[in-house]
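Any read-out appearing in this document is the output of simple, stated calculations on the displayed coordinates, not a laboratory observation. Worth saying up front: this structure is predicted, and the values here are computed from it rather than measured. No Cβ is skipped: glycine too gets one built from the backbone with ideal geometry, and neighbour counts run over all protein chains shown.
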Amino acid sequence: MTAAERPPRQIDPEEERALIDGIERWVEREVAPVAMKYDHADEWPADLVEQMKEMGLFGATISPEYGGLGLPARTYAELVTRISSYWMAITGIFNSHLMMAAAVERFGTDEQKAHWLPRFATGEVRGGLALTEPNAGTDLQAIRSTAVRDGDDYVINGTKTWITNGIQGSCVALLVKTDPAAEPRYRGMSLFIAPKGEGFTVGKKLKKLGYNAIDSAELIFEDYRLPAANLIGGEEGKGFFQATGGLELGRINVAARGVGLAEGSLRLATAYAQTRETMGKPICEHQAIQLKLGEMATRARAARLLTLDAADAYDRGHRCDMEAGMAKYFASEAAVRNSEEAMRVHGGYAYSKEYEIERFYRDSLLMCIGEGTNEMQRIIIAKQWVKQHPV
Ligand SMILES: Cc1cc2nc3c(=O)[nH]c(=O)nc-3n(C[C@H](O)[C@H](O)[C@H](O)COP(=O)(O)OP(=O)(O)OC[C@H]3O[C@@H](n4cnc5c(N)ncnc54)[C@H](O)[C@@H]3O)c2cc1C
């Protein structure tokens, strides 16, 4: 779906305020007290997931006609930011799921939308996007998994890795080659709705630096059979664009997580700097710490404004891939810088597992990888910038 075909989304300001207030209360009451426990134990937060279901988060961006909340990108970004400012990782449970749902809503047949979207919206069926393979991340067109037509079915073989919600979820949007010899390579790629079943197994849970408690898994497909009706859009060869077609919204989502991490790091540093004393005064009165807080506050605000700017353009139905890329790039780097500076403000205690800031530091680094690495992001921004400014 091009920007021009994307229907603008709006929300009543009072309804938006109530929603954001509700999320803020939930995060402070339910999430903040348990984030450290779940993160350290690397344990999936089953109780929080039930609460997220009740709040409708699994249908946040799915249209109301399919049972979702149909939120505009700006409201969704605000929710993601608020949650991420306390514990970014749990946004991955519904965010990757919503990327799968978006692929079905944008590109699926009427039957596929009617069957899957209401189940996705309630969280009855949850999952994510299965694109990456051991040999192919940035270069997605190099994937080796295949789907071979056999009567009314496809037979799928291959391995995916790093798949968020791969263990706890029951379904993925699965990118494979239906024509491995096609040139250009993207023409041979197709995207399927793939529920767990015979031939679809979880290889192993991946151990990570951060983003703990959220399952990242290797998925193995061995003669896994899927009905042809599960081919998204019903036509082979469209998978690459279907899988990457949600990239504007995907980048806004990662940017929103980055803003949350940058703001959360600032909040922790600000509080610590006012209570920790050296040389007879709170460290926030030392100029070296003030320089840090001043930069961190400015960086967090700039990241927020870039992200909301991209989200507003998206909601107006405008093309905003460059703006979303800028927001993703800047906000994720802001998250890394702010969490590192907040570590320094905490001195030796930053290195203690008894303080929260070390989690923000570990989680921030992931934001530079997802939805296109920041190396690729800058290259994409530059190419579009030059295109928009011909001599
Ligand atoms: C915690 C976590 C969760 C994830 N969740 C998912 C998920 O749910 N679903 C999914 O499909 N994937 C997921 N991924 C995978 C993620 O999308 C990939 O890791 C990412 O796309 C980068 O691919 P790669 O790791 O293969 O790195 P590579 O592509 O090998 O890149 C290595 C380095 O080379 C640079 N590089 C590569 N190509 C170029 C180029 N042409 N020009 C300049 N620089 C280049 C990159 O920027 C990077 O710095 C997840 C990863 C992590 C760590």
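Here Ala103 fits the description: under 23 Å from Ala310 (Cβ atoms), among the small types (Gly, Ala, Ser) and within 13 Å of the ligand (Cβ to nearest atom). The number of residues in the stretch 135-153 being more than 24 Å from Ile379 (Cβ to Cβ) and either exposed (fewer than 13 other Cβ atoms within 10 Å of the Cβ) or of a type outside the set (Lys, Arg) (or both) comes to 9. Can you spot a residue in the stretch 94-102 that is within 18 Å of Leu206 (Cβ to Cβ), in contact with a His (Cβ under 7 Å, 6 or more places away or on another chain) and crowded, with 18+ Cβ neighbours inside 10 Å? Taking every residue of the stretch 94-102 in turn, none turns out to be within 18 Å of Leu206 (Cβ to Cβ), in contact with a His (Cβ under 7 Å, 6 or more places away or on another chain) and crowded, with 18+ Cβ neighbours inside 10 Å.
With the condition kept exactly as written, say whether any residue in the stretch 60-83 is assigned to a strand (DSSP E or B) and crowded, with 23+ Cβ neighbours inside 10 Å. Looking for residues that are assigned to a strand (DSSP E or B) and crowded, with 23+ Cβ neighbours inside 10 Å, one finds none in the stretch 60-83, hence no. Only residues that are in a helix (DSSP H, G or I) and either β-branched (Val, Ile, Thr) or surrounded by 21 or more Cβ atoms within 10 Å (Cβ to Cβ) (or both) were counted in the stretch 231-250, giving 9. Against the list (1) surrounded by fewer than 23 Cβ atoms within 10 Å (Cβ to Cβ); (2) within 25 Å of Arg185 (Cβ to Cβ), the condition Glu111 fails is (2). The set of residues in the stretch 242-280 being farther than 30 Å from Arg316 by Cα and touching a residue at least 40 places away in the same chain (Cβ under 8 Å) consists of Ser265, Leu266, Arg267, Leu268, Ala269, Tyr272, Ala273, Arg276.
When Ala331 is tested against the conditions (1) within 16 Å of the chain's Cα centre (by Cα); (2) within 16 Å of the ligand (Cβ to nearest atom); (3) under 30 Å from Ala41 (Cβ atoms); (4) buried (at least 18 other Cβ atoms within 10 Å of the Cβ), the lone failure is (2). Looking across the stretch 119-136, the residues that are outside any strand (DSSP E or B) and without any contact (Cβ under 8 Å) to a residue 12 or more places away in the chain come down to Arg119, Glu124, Asn135. The set of residues in the stretch 356-391 being free of Cβ contacts under 8 Å to residues at least 12 places away in the same chain and either among the charged types (D, E, K, R) or away from the ligand (no atom under 15 Å from the Cβ) (or both) consists of Glu375, Lys383, Val386, Lys387, His389, Pro390, Val391. Among the residues of the stretch 184-195, which ones are within 14 Å of Ile232 (Cα to Cα) and among the aromatic types (Phe, Trp, Tyr)? Correct list: Phe192 only. Scanning the stretch 147-183 for residues that are touching a residue at least 40 places away in the same chain (Cβ under 8 Å), under 16 Å from Lys238 (Cα atoms) and either in a loop (DSSP other than H, G, I, E, B) or within 16 Å of the ligand (Cβ to nearest atom) (or both) turns up Ala173, Leu174, Leu175, Val176, Thr178, Asp179, Ala182.
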